[in-house]
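A short reminder: the numbers here are calculations on the coordinates, not readings from a lab. Keep in mind that this is a model prediction, so the values were computed, not measured. Ideal geometry is used to build each Cβ from the backbone, glycine not excepted, and the neighbour counts take in all protein chains shown.
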Amino acid sequence: MSGAAVAEQVANPWFAVSDTSAGSSARRATLITPHGVVETPNFMPVATLATVKGVTPAQLSEVGAQIVLANAYHLALRPGVATIEELGGLHRFMGWSGPILTDSGGYQVFSLAALRRVTDDGVDFRSHIDGAQMVLRPEDVVALQVRLGVDIMMPLDECLPAPASRAEAERAMARTLRWAQRSQQVAREDGQVLFGIVQGGVFEDLRRHCVAELVALGFPGYAVGGLSVGEEIAMTREVAAATAAAVPAAAPRYLMGVGRPEDLIRFVAMGYDLFDCVLPTRNGRNGMLFTWDGSMNIRLARYARDPEPVDASCSCYGCRTFSRAYLRHLAASGEMLGPQLNSLHNLHFYLTLMRRMRAAIAGGTFEPWAAAAIARMEAGAES
């Protein structure tokens, strides 16, 4: 282990960097949580409502998931935090024994443009379920997550859609910082960790300023929000790179809500450790499958008599058992097994991608491996 890695362990004992890449900022590390160890870089399947759509907790474990993401806002609306708390906490409620990270739901609240009012105190909004008037304040959001019993929590932040002007981005960043400071005042259980969230739109200097202020507040980890919200992918990559460089190396970096497999490789090269995205399951439900040779649209007629598996190198249940023709038949027939098998395959692919990146970083081959993997995926993608 390098001297830098040892220094990081001393500075942040629950996050330990074991290997770094010589030609990029990629690193391999471990996160220690009350419900288990997470090896990074890692991908979190999205379980917004305490379920990954169409996938059981046992199946998540089988495809290699170590940590999942749930949404505190949605769970507060339905079934309600009191119900989950009464039934033993979120882990017991959803039957998942591994670590859970919860998003505050800030992004979802701010997407309800016609139903909400934002002040420095918090967000007043109407429930998208029954129209009931609700209030979310920074302290409330953290308290809800504490009651859920999760491992890693996100504070309330103000996320703007693209395009946002500099003045708008600066105001949202300043409010996010004030809310972050208030969020820290809420008592948490032993082992529960609250990250800071970096905002600032597409303006790199605002992003750097936000990081500096969050570091001064002493957060143990940093989530980068407000990207992949409508801006061009080139801008996403540029701002993500600048932001990652500003976050202390001793802390985990979480890039929220992105992205495609080839982009995850690029973001790992920038030094990001954690990711979440609905693409594996959403695309799976729509017949889009990820492979090392790019994405595959299983709904296309060309697969109607294809006897091959989706990916001969894949060890997921679907690829071990069924042909492309069968999966195409399920899609054409509207059978519910199709989206389930597709989602499992895509999650297996994403988590295998993470394992291979960790191995490449540890083996000192990340840069050539990454270049070859990206080129192969982008050459074969189907629409």
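Do any GluC sites (Glu not before Pro) in region 279-383 lie in a loop, going by DSSP, with at most 16 other beta-carbon atoms within 10 Å of their beta carbon, and if so which?
Those that pass, being in a loop and sparsely packed, are GLU335, GLU382.
Check the cysteines of the chain one by one and keep only those with no other cysteine Cβ under 4.7 Å from their own.
Flagged as lacking a Cys partner: CYS159, CYS210, CYS277, CYS316.
Please report TYR350, TYR317 as a ranked list, fewest other C-beta atoms within 10 angstrom at the top and most at the bottom.
TYR317, TYR350
Where the Cα atoms of region 16-62 are projected onto their three principal axes, how long is each span, largest first, in whole Å?
40, 24, 19
As a test of understanding, state the convex hull volume per residue of region 254-383 from its alpha carbons, in Å³. Display every interim value, and only then the final one.
Working: hull volume 12.5 nm³, N = 130.
Convex hull of Cα atoms, per residue: 96 Å³.
Please figure out what share of the DSSP beta bridges in region 35-130 is antiparallel and state it in percent, rounded to the nearest 5.
Details: 5 of 10 bridges.
Looking only at bridges with both residues in region 35-130, the antiparallel portion is about 50 percent.
Taking Rh as the Kirkwood radius, which is the inverse of the mean 1/r over Cα pairs, what is the Rg/Rh value for region 76-187? Let's see the in-between values first.
On the way: Rg = 14.9 Å, Rh = 15.0 Å.
Checking Rg against Rh, the ratio lands at 0.99.
I need the helices of the chain that pass two filters: whole DSSP H segments spanning 18 Å or more by Cα along the axis, and mean Kyte-Doolittle score no lower than -0.5.
Numbers: long enough: 166-183 (25 Å, -1.15); 204-217 (20 Å, 0.23); 233-246 (20 Å, 0.99); 337-363 (38 Å, 0.14); 366-379 (19 Å, 0.43).
The qualifying helices are 204-217, 233-246, 337-363, 366-379.
Run through the DSSP bridge list for region 3-277 and note the antiparallel percent, rounded to the nearest 5.
Working: 20 of 40 bridges.
If I count the DSSP bridges inside region 3-277, around 50 percent turn out antiparallel.
Rank the residues ARG182, ARG320, ARG355 as a footprinting-exposure proxy: fewest other Cβ atoms within 10 Å of their Cβ go first. Present the calculation step by step, with values, prior to reporting the outcome.
Details: ARG182 19, ARG320 9, ARG355 13.
In order of increasing Cβ crowding within 10 Å: ARG320, ARG355, ARG182.
For GLU189, project a label point 7 Å along Cα to C-beta. Then give me every residue of region 77-91 with its amide nitrogen under 16 Å of that point.
81-91
For region 31-101, build the convex hull from the C-alpha positions and give me its volume per residue in Å³. Numbers along the way, then the final one.
Numbers: hull volume 5.9 nm³, N = 71.
Convex hull volume per residue, Cα atoms: 84 Å³.
Report the semi-axes of the equivalent ellipsoid for the chain in whole Å, largest first, where each axis is √(5λ) for an eigenvalue λ of the Cα gyration tensor. All intermediate terms of the calculation are to be shown ahead of the outcome.
On the way: eigenvalues 208, 131, 85 Å².
Largest first, the chain gives 32, 26, 21 Å.
What ranking, highest mean first, results for peptides 208-221, 122-135, 67-80 when packing means the other Cβ atoms within 10 Å averaged over each residue? List each step's numbers first, then the result.
Numbers: 208-221: 18.0, 122-135: 14.1, 67-80: 20.9.
Highest-to-lowest ranking by the protection proxy: 67-80, 208-221, 122-135.
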